[in-house]
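Peer 1: Structure incoming, see below.
The values are calculated or read from the model by the stated rules, or taken from the named source; none is laboratory data. Small disclaimer: the values here were computed from a predicted structure and weren't measured. Cβ coordinates were reconstructed from backbone atoms using ideal geometry, including for glycine residues, and neighbour counts include every protein chain displayed. Surface areas here come from the heavy atoms of the whole protein model, side chains and all, with no ligands, DNA or RNA. Shrake-Rupley method; radii C 1.70, N 1.55, O 1.52, S 1.80 Å.
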Amino acid sequence: MIKFPRLLWSESKLRSNIRFLNRLFATAGAPMNWTPVSKAVCANPEIVGLLLDEGVTEIADSRIENLKRIKSLSSHCSTLLLRLPGLHEVDEVVRYADTSLVSEATTIERLSAAARDAQVRHRIILMVELGDLREGVLPQQVLALGRFILQQPNIDWCGIGTNLTCYGGILPTREKMLQLLAIKTRIADELGHVLDVVSGGNSSSLPLLLRGDMPTGVSHLRLGESLLLGRETVRGQTIAGMYDDIFRLEAEVIEVRVKSSVPEGERGMDAFGKVPEFEDVGEHRRAILAIGRQDVPIDELVPLEAGIRILGGSSDHMILDVGKNPVKIGDILTFGVNYPVLLQAMTSPYVAKVRV
């Protein structure tokens, strides 16, 4: 039985995007690697399998549950934990993550103890705060924390990294990357420790590489949105040569009626605690779809059929103004997908995921 709503994804287009990034990094002019980030697709087994089939050897995710899934699909695939480890999960971190991003001495000490107990070595990338104000140690504190790291048994300090645009919207620039490289040099000069990895950020750092402004020495990027949606995240523009329509969402029409455009009666809050506003356009044709805010952020969807406008919805209904579009009961309407839609649809157990 075909189930709706459903999120469709194109195998051929995703393969094309993977190959585009492989070629880009292979011809970057300096040794550089990229790690696909699977969190937006919840480490979907079919998508992870496709990445592995295309030669990917490391996958990053922010959830231990997803790293477990990756390891169950391939014990040889290296895993990178993107979110700073919680103290409660260090035993699972050293079991399912080969490398983790870190910024706190207490966490590193607990990872060291867990790795010692498990008789493994755990790799860490120390995150450095370069202005976006999410995770990371301040640059002037790196050497002191570095001395502490080098005293921890069973910990391999392999690199430094930074995160930009995710919280503060601060753009990656050549100057930011040079600042990160200067920290690597100070670590080598003052601590005598040579790092293999300088992780210069996420998909927002990709434009630096594309236009040839990435400084030599930045060796790694963590890419999710650019891989899956074919776009950079500084301006939200599609990358030439990549597909931006790998995913699309389908939902079924369950009612079509001519109704007033403004509710009637004494008004209060809606189901989500807000008092909505309505534009009075008189009576018009309205359709209800069997999908709602529990499944996706409906206001982020883009109707692909002409003459359709999203009005709003509740937890399990989405309401459209369909105008003169000949929509009828049982029709399947299609929508374009952005990152928030992809993330929530992949997380929802009520949305089917279908490879096409």
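Peer 1: Working only with C-alpha atoms, what are the Rg and Dmax values of the chain, expressed in angstrom?
Peer 2: 23.4, 74
Peer 1: Before anything else, pin down the relative contact order of the chain: Cα pairs under 8 Å, at least 6 apart, normalised by residue count, whole percent.
Peer 2: Contact order relative to length: 18 percent.
Peer 1: Quick one: Karplus J couplings for region 87-102, per residue in order, coefficients 6.51, -1.76, 1.60, θ = phi - 60°, nearest Hz, x for Gly and Pro?
Peer 2: Karplus values, whole Hz, x for Gly and Pro: 4, 5, 10, 4, 5, 6, 4, 6, 7, 10, 10, 6, 9, 9, 8, 9.
Peer 1: Quick one: if the Förster radius is 35 Å, what FRET efficiency do His193 and Ser74 give, using the C-beta to C-beta distance and rounding to 0.05?
Peer 2: Rounded to the nearest 0.05, the efficiency is 0.70.
Peer 1: How long is the gain from Leu52 to Val356 if the chain were fully straight, where each residue apart is worth 0.36 nm and the alpha carbon distance is subtracted?
Peer 2: Additional length available on full extension: 107.6 nm.
Peer 1: Which FRET efficiency value, to the nearest 0.05, is calculated for Gln119 and Asp316 with the Förster distance at 45 angstrom and r the Cβ-Cβ distance?
Peer 2: Once rounded, the FRET efficiency stands at 0.35.
Peer 1: Let me ask another. Would you mind telling me which residue in Val90, Val281, Val341 has the biggest mean-square fluctuation in a Gaussian network model of the chain, where springs connect alpha carbons within a distance under 10 angstrom?
Peer 2: Val281
Peer 1: A further question follows. Taking amide H positions as placed 1.01 Å from N in the peptide plane, with prolines and chain starts having none, which residues 5 or more places from Met318, or on another chain, fall under 5 Å of its amide H?
Peer 2: Leu289, Ile291
Peer 1: Amide H to amide H under 5 Å from His220: which residues, 5+ apart in sequence or cross-chain, H placed 1.01 Å off N in plane?
Peer 2: Asn33, Val198, Gly200
Peer 1: On the accessible surface of the chain, probed at 1.4 Å, how many percent belong to carbon and sulfur atoms?
Peer 2: 49
Peer 1: With r as the distance between the Cβ atoms of Arg63 and Leu171 and R0 = 30 Å, compute the FRET efficiency 1/(1 + (r/R0)^6) and round to 0.05.
Peer 2: About 0.65, to the nearest 0.05.
Peer 1: Under 10 Å, Cα contacts only: if you run a Gaussian network model on the chain, which one of Glu92, Glu252, Glu266 comes out with the highest mean-square fluctuation?
Peer 2: Evaluated over the chain, the most mobile residue of the options is Glu266.
Peer 1: Next question. Could you run the Karplus curve 6.51 cos²θ - 1.76 cosθ + 1.60 with θ = phi - 60° over region 41-53 and give me ³J(HN,Hα) per residue in whole Hz, x for Gly and Pro?
Peer 2: Working through the residues one at a time gives 10, 6, 6, 3, x, 5, 6, 4, x, 5, 4, 5, 5 Hz.
Peer 1: With every protein chain kept in place and ligands, DNA and RNA left out, what is the accessible area per residue of the chain? Probe 1.4 Å, answer in Å².
Peer 2: Computed with neighbouring chains in place, this is 48 Å² per residue.
Peer 1: Please list 3J(HN,Hα) in residue order for region 127-135, calculated via the Karplus relation 6.51 cos²θ - 1.76 cosθ + 1.60 where θ = phi - 60°; whole Hz, with x for glycine and proline.
Peer 2: 7, 10, 7, 10, x, 7, 6, 9, 8
Peer 1: Take Ser10 and Leu84, extend 7 Å from each Cα along the Cα→Cβ direction, and tell me the distance between the two endpoints in nm.
Peer 2: 4.0
Peer 1: On full extension of the chain, what length is gained from Arg147 through Asp299, given 0.36 nm per residue of separation minus the C-alpha to C-alpha distance?
Peer 2: 49.8 nm
Peer 1: How about region 190-244: which trypsin sites (Lys or Arg not before Pro) there lie in a loop by DSSP and see at most 10 other Cβ atoms within 10 Å?
Peer 2: Arg211, Arg235
Peer 1: Now for a separate question. With a 10 Å cut-off between alpha carbons and a GNM built on the chain, which of Gly336, Gly168, Gly136 moves the most?
Peer 2: Sorting by GNM fluctuation, first place goes to Gly168.
Peer 1: Check the straight Cα-Cα distances from Lys274 and name the lysines below 25 Å, setting aside those fewer than 8 residues away within the same chain.
Peer 2: Straight-distance partners of Lys274: Lys259.
Peer 1: Cross-link candidates for Lys353: which lysines have Cα within less than 24 Å, leaving aside residues fewer than 8 places away along the same chain?
Peer 2: Candidates past the 8-residue exclusion: Lys3, Lys13, Lys39, Lys68, Lys71.
Peer 1: Taking region 261-356, which trypsin sites (Lys or Arg not before Pro) meet the DSSP loop condition and have no more than 12 other C-beta atoms within 10 Å?
Peer 2: Listed in order of number, the matching sites are Arg267, Lys274, Lys324, Lys328.
Peer 1: Within 10 Å of each candidate Cβ there may be at most 12 other Cβ atoms; applying that plus a DSSP loop requirement, which chymotrypsin sites (Phe, Trp or Tyr not before Pro) in region 148-217 survive?
Peer 2: For chymotrypsin sites (Phe, Trp or Tyr not before Pro) across region 148-217 that sit outside H, G, I, E and B with at most 12 neighbouring Cβ atoms in 10 Å, the list reads Tyr167.
Peer 1: Would you grab the residues whose amide H sits under 5 Å from the one on Val137? Only those 5+ places off in sequence or on another chain, please, with H modelled 1.01 Å from N.
Peer 2: Met127, Val128, Glu129
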